[in-house]
Amino acid sequence: MEVSLEEFGTLDFDVKAWLNRQFAAQTNGDSAATDDARAQRLVTQLHFLATNAQQNSDRIKARFRHQAAQIGRDIAGLGKAVCATQAQLSGLAQAVDRQAASAPTMAAVVELGTAQRQLARTVEALGLQRSYTDLPQKVDGLVETRDFGRAWALVDGVAGAAGLDADEVQACLERIEAGAVGELGRAVAERDAEAAAHMGQLLAAHGQSELVETEFVRVRAQVGIKALEERYDDIGGLLHASAALITEERTFAEAAEMSDAVQEQLIERFADAMQTEIQRHVDSAEQIGAVSVRGVYDALVGFCADVGLDTDASSALSVGEAQVQHVPLALHHLLKPLRACVKRLGVTEADRIRDGSLSALRSVEFETGRAEAYVRDASRELDCVFSDVSEALDNVLAVVPAALARRAAEDVLMVASEASGILDAGIAILANISGFAVSDLATATELDAPIADLTGAAFQPLANEGKLDAVSRSVALALLAEQLENCTATVVANVRHRLADIHTQPRSLIAAALNGQNEVSETADLDIDAPEINTVAAAQAVVFLLGGAFRVPLERIPESSVWHGAAARSSMGVAVPQFSCAPSEDAVDIGEKMHILLPELEQAVAMHAQCANDAMPLYTFVLRHMDACDGDEEDSPLLAMLALVLRSVQRAFVRQVCCVAPPLSALGCRQLAADAEYIASVAASFGAMPDPDFAELLTSVLRHSAEASGISESPDQAETSLAESQDQAELTELQHTLHALLTHSEN
C-alpha cells in the first residue's frame, strides 16, 4: 500500500483523520493484521519516506553548494547590468526631455538595447541554472512515466551547457536508454507492434539501431524456441508448427517495422533450435530406408519454400560462371542433420537390399531334376532385387547432391553386379552335376579341350535323362542371364538419364548446404559405367552342352589305327585295289549326332520358351552373346545357332586330326578325305557354312588325293580357299601341320 502525502501541505490538514484513513486502508488490504502491526508498518513507511526526503534534500544542497558560486556571479553581474541600465535610462530620459537628437543619444539607445539582451540572457541562465539542480529527478520521473522522448529531449537540451557535470548527463542518458530498452522488450514480448515500432524508432534516432534488432531477436527467439520444445511424432508436425510460428513472427516483425535482417536472424535462431528434433527424425528415417530419408528431405525443402528461404542459386549464377553465392546460415542449420546420412545413403541402401531381396535370391537353389521351378523362383526374386534397386536409386538420387550422385549410384548398382554372382554359382553347380570343368566354357565353341572323364551327363545325347536335366539348367541360366542383363540395362539407362538431368540443372543452395559448403560450387561431370554381367558364360554353357555329345567320337580320332594302315593284299601278297573308301565309324557317329542335333536344339528352345514365354528366344540370346551370326543365317536364327554348333564340331575335328602322328599312309589319306567329305556333306545339308579350318583341311586333303592319283582338281571341288580365311596366321600354321601330316613315304 502506498502512503499519500498530498494532504500534508494543506491548511486544514488533520493528523488524526489522516491516520485513521491510513489504518482503514491497511485494514481493507489485510484484515488479519493487528492494530500494532498496522501501526508498525505505517511508521516504517513514514520513516522510509522521511529518509528518502532527507537524501533528496542533501543531494539538492550539495548541488546548490557546487553551483552557488556560479549563481552568485550571475546575480552580481545581473545587478551591475541593472544599475547600468538604470543609469542609461536616466540619461536617456534627460536627453529626451531636451529633445536633442545628437549622436551620443543614439549611442545610448544602442547601449540600452544591448543591456536588455544581456538581461534576457541572464534571466535565461538563471532559469537554466534552476533546472540543473533537479535534472536527474525530472529524468527519473519521465522514465517512470515511460515518456522517454521528453526525457531524451530534456537531456539533449542541456547537454554541453556550462556548469553541468558530464558524468551526470551520461548517467541520465544510460537510465533513459535502459528504460527504453526495457519498454521495447516488454512491447516485443507482448506483441505490441505499435509500441515496439515507436520504441525502435526512438532508439534508432539516438544511434541504437543495432541494439533494437538485438533485443527484438532475443525476446522473440526466446519465446519461439520455448514453443518449439514440444516433441512431434513426425517431422511434418514439427515443420508445420515451425512454419506457422515463423510466419507469425515475420508478420509481427513487419508490423514493428523491423528490417529483413531481423527476420533472417529469427529464422536462423529457430532453425538452430530445431536441429536436435530434426536429427531425431533423420535417425529414425535412416533406420527405415532411403524412402523415409527422402520424405524428411522433401519436408525440409518444402519448409524452406514455406518460410521463404532461397534454395536455388540465382539465375545469374548459371553453370560455368565464376560468380559466388553464399548459402544462408538458416539453410545450413536445417540440413546439417542430413549431411552424414546423405553421404552414406548409397551404401546403406545397397546393404539393405543385400540383406533383403538379394539374400532371398541367393537362397534359391537348384533342385534335382528339371530347372523350371528354379527359374520361376529365381526370376521372381531377381525382379524383387531390381525393383528395390530402382526404388533405391530414385530415392537416393532425389536426395544426394550432384557432387555425390555418381558415387551413390555406383554403390547401389554394385548390387546388380553381385546379383550376377548367381550365374557363376549356377554354372558351377551345372558343371559339377554334368561332369565338365567351368574353365571348359572359355573354349566352349572349340570342343577340343582335354576332358579327363567323358562319362558325365554333358557328353551324353539329349535322350539321356541327366543330359536333359543339364540342358534344362543351362536354359535356366540363359533365362536368368537375359533377365539380369535387361534389368541392369534398364536401371543403368535410367541412372544415366537422371545424372544428365542433375548435371544440367541450376546449381542448388541445398546441395551446397548438404555438402557443408558456404558457397555454391560447380557441378562435376556425371557419367556411370554399367556393371559387368556374365551373360557370355550362360550362352557358352548352352553351346557346350549341345555339342557335348560329339566329344566321345572326337576323342577317339587321334588313336585310330586307320591313319597309318597299309592297303589290303591277297594271299599271294598282291595289293588289292581299293576303288572307294567309306567314312569311318567315328565319322559316321559324328554325322549321326549332327542329324539329331536339330531336334535336340528345337527341344532346348521349347524348354526355354516354356520357362518364360515373353523372353528372348534362346538362339537369339546365344548368338548375340557368342557373336556368331553370318550372312544368310541371320534370316533363320535357329539354323544360325545350329550352324554355330556344327562349326564348333568341324573345328574340333580338325584339331583332333592334327593330333594324329605323322605321316599318314595312302589309305589314311583316303580315309581322311572320306571322313572330311562326309562330315562336310552332313553340315551342308543344314545350310551351314563350313568352318574356315575345316575348309582348309578338306581342300588340302582333296588336293593331295588328286595329285597322288594324277587328277587335276577343279576349283569347285574345294568348299573354300585359304584366301577366305578369317585368321590368316592360324590357317597358315594349320596348312604346315597338314602338309607334314600328309607327307608319307609310300609311292
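The values are calculated or read from the model by the stated rules, or taken from the named source; none is laboratory data. Predicted model only: the values in this text are computed from it and were never measured. FYI the Cβ positions are ideal-geometry reconstructions off the backbone, even for glycines, and counts take in every protein chain you see. Calculation scope for accessible area: heavy atoms of the full protein, side chains included, ligands and nucleic acids excluded. Shrake-Rupley method; radii C 1.70, N 1.55, O 1.52, S 1.80 Å.
For this structure, a couple of remarks:
- Top-ranked residue of segment 306-325 - restricted to ones that are more than 19 Å from the chain's Cα centre (by Cα) and modelled with pLDDT of 70 or more, ranked as least open to solvent (accessible area, probe 1.4 Å): 307
- Yes/no for residue 349 being over 24 Å from residue 241 (Cα atoms) and at pLDDT 85 or above: yes
- Selection status of residue 85, at pLDDT 70 or above, over 30 Å from residue 168 (Cβ atoms), open to solvent by less than 100 Å² (accessible area, probe 1.4 Å) and in a helix (DSSP H, G or I): yes
- Residue 609 satisfies every condition listed in (1) part of a helix (DSSP H, G or I); (2) modelled with pLDDT of 80 or more; (3) over 21 Å from residue 456 (Cβ atoms) except (2).
- Unmet criterion (only one of (1) surrounded by fewer than 21 Cβ atoms within 10 Å (Cβ to Cβ); (2) modelled with pLDDT of 80 or more; (3) in a helix (DSSP H, G or I); (4) within 60 Å of the chain's Cα centre (by Cα)) for residue 731: (2)
- Evaluated against (1) open to solvent by 50 Å² or more (accessible area, probe 1.4 Å); (2) over 30 Å from residue 25 (Cβ atoms); (3) of a type outside the set (D, E, K, R); (4) at pLDDT 70 or above, residue 52 falls short on exactly one condition, (2).
- Boolean, residue 191 is open to solvent by 80 Å² or more (accessible area, probe 1.4 Å), basic (Lys, Arg) and at pLDDT 75 or above: yes
- Yes/no for residue 600 being modelled with pLDDT of 80 or more, farther than 20 Å from residue 476 by Cα and of a type in the set (Asp, Glu): no
- Top-ranked residue in segment 667-715 [being open to solvent by 40 Å² or more (accessible area, probe 1.4 Å) and of a type in the set (D, E, K, R); ranked as modelled with the highest pLDDT]: 677
- Odd one out for residue 420, checked against (1) touching a helix residue (DSSP H, G or I) at 6+ places or on another chain (Cβ under 7 Å); (2) at pLDDT below 70; (3) farther than 20 Å from residue 596 by Cβ: (2)
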